[in-house]
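First the structure, in the form of structure tokens, and then the observations on it.
The values are calculated or read from the model by the stated rules, or taken from the named source; none is laboratory data. Quick caveat, the model's predicted, so the values are computed rather than measured. Neighbour counts run over all protein chains shown; Cβ positions are idealised from the backbone, glycine included.
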Ligand SMILES: C[S@@+](CC[C@H](N)C(=O)[O-])C[C@H]1O[C@@H](n2cnc3c(N)ncnc32)[C@H](O)[C@@H]1O
């Protein structure tokens, strides 16, 4: 690990800053290494990149006003000054251009490209949520606003999208201009209002297990009676090492992928699980598509952040590919409803 420090110091027109505190490394080891081997001593470091002039990704969480003033999921390690702030243009290269999605698509209905799989995923979400004109939808972790715009334009719902990243919120606002969408740059702890439907697509990974109760309590308070929630979330089975969290940290900060068993244990304190769909085969195809996107855009990506970070990203998706192929890493789409809800939730 120590060798990283000098190698990470290559400057690609950016300011290179800071080192991961031992506490974070310790936190990572807890999840990445079940044997809990002793944490490295002081001076251990992990490369991080700060491009000051373009503030950026959801890792911006660590420097946003919101996250400074309060604890947030796994980002809440108190000694976490490390910043991985990467150009938003870089992340846009990892989305479909029309709906700007950065999450696993749905391939079961014949989609063969990443872009097609995103449309299929959005249609599937709309169908399970049974969206009707006039309904209100909250998109927690709305990314670039693609889901919000799609649902507002195609189904006549009024959408509020929430993302903790300021610059991403601005991009989402631009993307949703003219649609019945409000985008807020907000931490999930600050969300307010009442909604008929809530979508949480690959965002719960950022919450941290120690905050799941609080997260579900807030989500419950935001849901109208008879309301419905759709989550798309990663999962790691009990006994399987949480290896995927390690490469993720270079781009997405510290994440936690709970097992489905943990998800059930926590979510059923607040909701009834109305259906669960396995997306692991989709995750496998999607990981291949992310690797292709990296390979196709390598030059542009390297110009933005340098080759090391792009390599780390490729390792992340190669790990996701191996993980989903071996079923060590899974993705599920889960629908939650109130415990007294007696409506049927469509499977597709
Ligand atoms: C992997 S992206 C998924 C984006 C989008 N749902 C999609 O499918 O393209 C995770 C999203 O969660 C948001 N997020 C992470 N931590 C958050 C927090 N504490 N509060 C609100 N949003 C958060 C990020 O800003 C980002 O938009």
With respect to the numbered conditions (1) near the ligand (Cβ under 9 Å from one of its atoms); (2) modelled with pLDDT of 90 or more; (3) more than 26 Å from residue 341 (Cβ to Cβ), which one is the sole condition not fulfilled by residue 66? (2)
Would you please name the residue that is farthest from residue 125 (Cα to Cα), looking only at residues in region 135-160 that are within 16 Å of the ligand (Cβ to nearest atom) and out of contact with any strand residue (DSSP E or B) (no Cβ under 7 Å at 6 or more places or on another chain)? 144
Scan region 166-193 residue by residue and report those that are buried (at least 23 other Cβ atoms within 10 Å of the Cβ) and part of a loop (DSSP other than H, G, I, E, B). 176
Selected residue (only one of 310, 345 is surrounded by 14 or more Cβ atoms within 10 Å (Cβ to Cβ), touching a helix residue (DSSP H, G or I) at 6+ places or on another chain (Cβ under 7 Å) and in the same structural domain as residue 229 (by TED's automatic domain parsing)): 310
Checking the condition under 19 Å from residue 118 (Cβ atoms), in a strand (DSSP E or B) and modelled with pLDDT of 95 or more, which residue from 287, 283, 235, 199 passes? 199
Report whether or not residue 229 is assigned by TED's automatic domain parsing to the domain that holds residue 136, under 17 Å from residue 143 (Cα atoms), more than 11 Å from the ligand (Cβ to nearest atom) and touching a residue at least 40 places away in the same chain (Cβ under 8 Å). no
For region 125-134, how many residues meet the condition of being without any contact (Cβ under 8 Å) to a residue 40 or more places away in the chain and within 16 Å of the ligand (Cβ to nearest atom)? 1
Against the conditions (1) under 20 Å from residue 138 (Cα atoms); (2) within 14 Å of the ligand (Cβ to nearest atom), where does residue 193 fall short? Just the number, please. (2)
